[in-house]
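Since the structure comes first, as structure tokens, the remarks are kept for the end.
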Amino acid sequence: MTDLKLRCMGPIPQFTAELHFHFREHGSDRRRCFVFDESLHRRVPMKMEGVDGLNTIGMWVDAAGVLQAGDSVTVRCVVIAPELFADVVRPGVKFELWDGDFFASGDVIERIDAGWRSR
């Protein structure tokens, strides 16, 4: 496997999620798209049910792309503060992504226990 492919895969994920982009809170003066570049990785703040405040999540996808309102994508996720999420993350838990306003909703699909043990 090439070094680039290994870098793009990211760490062992803690969970997978389905993101649904809505940009409902973004006015007409705001960019209404979300980009995963060739690194296949983005870090953004999120608000998850059962966890106070905004916390950073790292997300990895399989292909670069520009996502717009109405688009969905499956992501592999790692939280920056696992101690806040370890007891909360399970299938069906919902969260919102934030960039000055909430712009996408997420649903946890699967918890990956191996991702929590490696932290």
Practice task
Whenever you get a sec, compute what percent of the accessible area on the chain sits on carbon and sulfur atoms (1.4 Å probe).
Solution key: 52 percent
Practice task
Over the chain, calculate the relative contact order: mean separation of alpha carbon pairs under 8 Å at least 6 apart, over the residue count, as a percent.
Solution key: 37 percent
Problem - MRE, 222 nm, helices only [DSSP H, n ≥ 4, -39500 (n - 2.57), over the chain, to nearest 500] - result: -3000 deg cm²/dmol
Exercise for the section: Could you give log10 I(q)/I(0) at q = 0.12, 0.17, 0.18, 0.22 Å⁻¹ for the chain, computed by the Debye formula over C-alpha point scatterers of equal weight, without solvent? Expected result: -0.42, -0.83, -0.93, -1.33
Fill in the blank from the handout: Placing each pseudo-label 7 Å from Cα in the direction of the beta carbon, ALA81 and GLU25 end up separated by a distance in nanometres of 1.7 nm
Handout entry: Reduced Cα scattering model of region 80-119, Debye log10 I(q)/I(0), q = 0.14, 0.18 Å⁻¹
Key = -0.38, -0.60
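The values are calculated or read from the model by the stated rules, or taken from the named source; none is laboratory data. The structure displayed is predicted, hence computed values, not measured ones. Methodologically, a virtual Cβ is constructed for each residue, glycine included, from the backbone with ideal geometry; neighbour enumeration extends over all protein chains shown. Ligands, DNA and RNA are stripped out before the accessible areas are found, and what is left, the full protein with its side chains, is counted by its heavy atoms. Shrake-Rupley method; radii C 1.70, N 1.55, O 1.52, S 1.80 Å.
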